[in-house]
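Colleague: Encoded as C-alpha coordinates, here's the structure I'll be asking about.
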Amino acid sequence: MNKAFVKESDHDDDDDLGPEAVALPQGSKNYMTRSGYQRLRAELAHLMNEERPNVVQVVSWAASNGDRSENGDYIYGKKRLREIDRRIRFLTKRLEAAEVVDPALQPNRDQVFFGATVLYCDKAGTDHRVTIVGVDEADPLNGMISWISPVARALLKAREGDTITLRTPAGLDELDILEVIYPEPA
(Lines give C-alpha, C1' and ligand atoms only; values in the text may rest on other atoms or scores of the structure.)
Protein backbone atom coordinates (compact mmCIF):
# COMPACT_ATOMS: atom_id res chain seq x y z
CA MET A 1 0.00 0.00 0.00
CA ASN A 2 1.20 3.48 -0.83
CA LYS A 3 2.44 5.41 2.24
CA ALA A 4 0.27 8.34 1.22
CA PHE A 5 -2.74 6.41 2.53
CA VAL A 6 -1.36 5.30 5.88
CA LYS A 7 -0.21 7.27 8.90
CA GLU A 8 3.36 5.99 8.96
CA SER A 9 6.70 7.53 8.29
CA ASP A 10 9.90 6.04 6.95
CA HIS A 11 11.35 6.46 10.43
CA ASP A 12 9.31 5.08 13.33
CA ASP A 13 11.84 6.53 15.73
CA ASP A 14 11.34 10.18 14.75
CA ASP A 15 9.47 10.69 18.00
CA ASP A 16 12.39 9.90 20.31
CA LEU A 17 11.07 12.23 22.93
CA GLY A 18 7.82 10.37 23.47
CA PRO A 19 4.71 11.75 25.14
CA GLU A 20 6.31 12.11 28.59
CA ALA A 21 9.08 14.43 27.43
CA VAL A 22 8.97 18.11 28.24
CA ALA A 23 10.54 20.35 25.63
CA LEU A 24 13.22 22.68 26.91
CA PRO A 25 12.97 26.38 26.06
CA GLN A 26 14.93 27.25 22.91
CA GLY A 27 18.58 27.88 23.70
CA SER A 28 18.37 26.83 27.36
CA LYS A 29 20.38 24.16 29.09
CA ASN A 30 19.01 20.95 30.56
CA TYR A 31 19.63 21.76 34.22
CA MET A 32 19.25 18.91 36.67
CA THR A 33 20.28 18.00 40.18
CA ARG A 34 22.91 15.35 40.84
CA SER A 35 20.26 12.91 42.14
CA GLY A 36 18.11 13.47 39.05
CA TYR A 37 21.11 12.85 36.80
CA GLN A 38 21.95 9.65 38.68
CA ARG A 39 18.34 8.41 38.41
CA LEU A 40 18.36 8.89 34.62
CA ARG A 41 21.75 7.15 34.32
CA ALA A 42 20.48 4.25 36.43
CA GLU A 43 17.39 3.92 34.23
CA LEU A 44 19.56 3.96 31.10
CA ALA A 45 21.88 1.30 32.52
CA HIS A 46 18.91 -0.87 33.53
CA LEU A 47 17.38 -0.63 30.05
CA MET A 48 20.65 -1.37 28.25
CA ASN A 49 22.04 -4.05 30.55
CA GLU A 50 18.95 -5.89 31.77
CA GLU A 51 15.64 -5.15 30.09
CA ARG A 52 16.74 -4.92 26.45
CA PRO A 53 18.84 -8.14 26.52
CA ASN A 54 15.91 -10.01 28.13
CA VAL A 55 13.47 -8.81 25.46
CA VAL A 56 15.95 -9.64 22.69
CA GLN A 57 16.20 -13.16 24.09
CA VAL A 58 12.39 -13.55 24.10
CA VAL A 59 12.11 -12.19 20.54
CA SER A 60 14.85 -14.53 19.36
CA TRP A 61 13.11 -17.50 20.98
CA ALA A 62 9.74 -16.45 19.52
CA ALA A 63 11.24 -16.02 16.04
CA SER A 64 12.66 -19.54 16.18
CA ASN A 65 9.13 -20.92 16.68
CA GLY A 66 8.25 -20.29 13.04
CA ASP A 67 5.31 -18.23 11.75
CA ARG A 68 5.89 -14.71 13.05
CA SER A 69 2.69 -13.17 11.69
CA GLU A 70 0.51 -14.64 14.45
CA ASN A 71 3.17 -15.07 17.12
CA GLY A 72 2.12 -12.83 20.04
CA ASP A 73 5.47 -13.11 21.84
CA TYR A 74 7.32 -12.03 18.71
CA ILE A 75 4.95 -9.15 17.86
CA TYR A 76 4.83 -7.84 21.43
CA GLY A 77 8.59 -8.30 21.84
CA LYS A 78 9.38 -6.31 18.71
CA LYS A 79 7.02 -3.54 19.86
CA ARG A 80 8.63 -3.52 23.31
CA LEU A 81 12.11 -3.37 21.74
CA ARG A 82 11.10 -0.27 19.78
CA GLU A 83 9.82 1.34 22.99
CA ILE A 84 13.02 0.49 24.86
CA ASP A 85 15.22 1.76 22.03
CA ARG A 86 13.22 5.00 21.85
CA ARG A 87 13.63 5.51 25.61
CA ILE A 88 17.36 4.74 25.39
CA ARG A 89 17.79 7.37 22.66
CA PHE A 90 15.79 9.90 24.70
CA LEU A 91 17.80 9.27 27.89
CA THR A 92 21.10 9.40 26.01
CA LYS A 93 20.21 12.77 24.45
CA ARG A 94 19.01 14.23 27.76
CA LEU A 95 22.08 13.03 29.66
CA GLU A 96 24.44 14.38 26.99
CA ALA A 97 22.77 17.80 27.23
CA ALA A 98 22.54 17.76 31.03
CA GLU A 99 24.11 20.48 33.11
CA VAL A 100 24.33 19.15 36.67
CA VAL A 101 23.80 21.84 39.30
CA ASP A 102 24.56 21.33 42.98
CA PRO A 103 22.11 23.51 44.94
CA ALA A 104 24.23 23.07 48.09
CA LEU A 105 26.90 25.27 46.47
CA GLN A 106 24.51 28.19 45.90
CA PRO A 107 26.17 31.32 47.34
CA ASN A 108 22.95 33.42 47.52
CA ARG A 109 21.06 31.17 49.92
CA ASP A 110 18.46 33.83 50.78
CA GLN A 111 17.22 34.04 47.19
CA VAL A 112 15.29 31.46 45.11
CA PHE A 113 17.36 29.75 42.42
CA PHE A 114 17.48 26.27 40.88
CA GLY A 115 17.45 23.57 43.56
CA ALA A 116 15.85 25.71 46.26
CA THR A 117 13.01 24.40 48.39
CA VAL A 118 10.49 27.19 48.88
CA LEU A 119 7.71 27.43 51.42
CA TYR A 120 5.08 29.92 50.28
CA CYS A 121 1.50 30.88 51.11
CA ASP A 122 -1.08 31.73 48.45
CA LYS A 123 -3.81 34.35 48.90
CA ALA A 124 -6.26 31.64 50.04
CA GLY A 125 -3.97 31.05 53.03
CA THR A 126 -2.74 27.61 51.91
CA ASP A 127 0.93 26.80 52.52
CA HIS A 128 2.87 25.04 49.74
CA ARG A 129 6.35 23.55 49.79
CA VAL A 130 8.04 23.05 46.40
CA THR A 131 11.55 22.23 45.25
CA ILE A 132 12.71 23.65 41.92
CA VAL A 133 14.30 20.87 39.84
CA GLY A 134 15.04 19.95 36.22
CA VAL A 135 12.34 19.16 33.68
CA ASP A 136 13.19 15.44 33.68
CA GLU A 137 12.93 15.11 37.46
CA ALA A 138 9.75 17.14 38.03
CA ASP A 139 7.03 15.43 40.07
CA PRO A 140 4.44 18.10 40.95
CA LEU A 141 2.33 15.79 43.13
CA ASN A 142 5.37 15.37 45.39
CA GLY A 143 6.37 19.04 45.40
CA MET A 144 9.11 18.77 42.75
CA ILE A 145 8.41 21.43 40.11
CA SER A 146 10.31 22.08 36.91
CA TRP A 147 12.34 25.28 36.70
CA ILE A 148 10.37 26.19 33.56
CA SER A 149 6.97 25.87 35.24
CA PRO A 150 4.97 29.07 35.78
CA VAL A 151 5.19 28.79 39.57
CA ALA A 152 8.97 28.29 39.51
CA ARG A 153 9.47 31.16 37.07
CA ALA A 154 7.44 33.42 39.37
CA LEU A 155 9.46 32.30 42.41
CA LEU A 156 12.92 32.67 40.84
CA LYS A 157 15.04 35.44 42.38
CA ALA A 158 12.48 36.12 45.13
CA ARG A 159 13.61 36.34 48.76
CA GLU A 160 12.06 35.40 52.09
CA GLY A 161 9.38 37.94 52.96
CA ASP A 162 8.73 38.92 49.33
CA THR A 163 5.24 38.85 47.85
CA ILE A 164 5.18 37.91 44.19
CA THR A 165 2.41 37.81 41.61
CA LEU A 166 1.61 34.60 39.74
CA ARG A 167 -0.53 34.66 36.61
CA THR A 168 -2.91 31.70 36.51
CA PRO A 169 -5.83 30.82 34.22
CA ALA A 170 -8.10 31.86 37.09
CA GLY A 171 -6.45 35.26 37.35
CA LEU A 172 -3.66 36.76 39.41
CA ASP A 173 -2.55 35.11 42.66
CA GLU A 174 -0.23 36.59 45.23
CA LEU A 175 2.34 34.33 46.86
CA ASP A 176 4.09 35.23 50.11
CA ILE A 177 7.56 33.67 50.34
CA LEU A 178 7.87 32.26 53.87
CA GLU A 179 11.14 30.34 53.65
CA VAL A 180 13.94 29.53 51.17
CA ILE A 181 15.96 26.38 51.93
CA TYR A 182 19.01 24.87 50.25
CA PRO A 183 20.68 21.57 51.09
CA GLU A 184 23.77 21.87 53.28
CA PRO A 185 27.13 21.50 51.52
CA ALA A 186 28.67 18.06 51.99
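Colleague: In whole Hz, what ³J(HN,Hα) sequence does region 27-44 give by Karplus (6.51, -1.76, 1.60; θ = phi - 60°), x for Gly and Pro?
Modeller: Coupling constants for region 27-44: x, 9, 8, 8, 5, 7, 7, 4, 5, x, 4, 5, 5, 5, 5, 5, 5, 4 Hz.
Colleague: Still on this model: May I ask for the longest run of the chain untouched by GluC sites (Glu not before Pro) that are loop-located per DSSP and have at most 12 neighbouring C-beta atoms (other than their own) within 10 Å?
Modeller: That would be 71-186.
Colleague: If amide H atoms are built 1.01 Å from N in the plane of the peptide, which residues on other chains or at least 5 residues away come under 5 Å of the amide H of N30?
Modeller: So N30 has HN proximity to E99.
Colleague: Placing unit charges on C-beta atoms (Lys and Arg positive, Asp and Glu negative, everything else neutral), compute the dipole magnitude of the chain about its Cα centre in debye, rounded to 20.
Modeller: 320
Colleague: May I ask you to derive the relative contact order of the chain, considering only C-alpha pairs under 8 Å and at least 6 residues apart, and to give it as an integer percent?
Modeller: Once normalised by length, the contact order is 22 percent.
Colleague: Cα axis of helix 52-63 to longest principal axis of the chain: angle in degrees, 0 to 90, nearest 10?
Modeller: 20
Colleague: List nothing, just return the count: lysine pairs in the chain, 8 or more apart or interchain, with Cα separation under 22 Å.
Modeller: Total qualifying Lys-Lys pairs in the chain comes to 8.
Colleague: Take every DSSP beta bridge whose two residues both sit in the chain, then give the antiparallel share in percent to the nearest 5.
Modeller: Of those bridges, close to 70 percent are antiparallel.
Colleague: Using the Kirkwood radius over C-alpha pairs as Rh, can you work out the diffusion coefficient of region 51-106 via Stokes-Einstein at 37 °C, viscosity 0.692 mPa s, in µm² per second?
Modeller: 244
Colleague: Separate question: Ignoring ligands, DNA and RNA, please state the percent of accessible area on the chain from carbon and sulfur, probe 1.4 Å.
Modeller: Accessible surface attributable to carbon and sulfur in the chain totals 51 percent.
Colleague: Sorted by accessible area (1.4 Å probe), largest first, how do I148, I132 line up?
Modeller: So, going from the largest accessible area down, we get I148, I132.
The values are calculated or read from the model by the stated rules, or taken from the named source; none is laboratory data. Small disclaimer: the values here were computed from a predicted structure and weren't measured. All Cβ positions, even for glycine, are placed from backbone atoms using ideal geometry, and neighbour counts span all protein chains on display. The accessibility values were calculated without ligands, DNA or RNA, using every heavy atom of the protein model including side chains. Shrake-Rupley method; radii C 1.70, N 1.55, O 1.52, S 1.80 Å.
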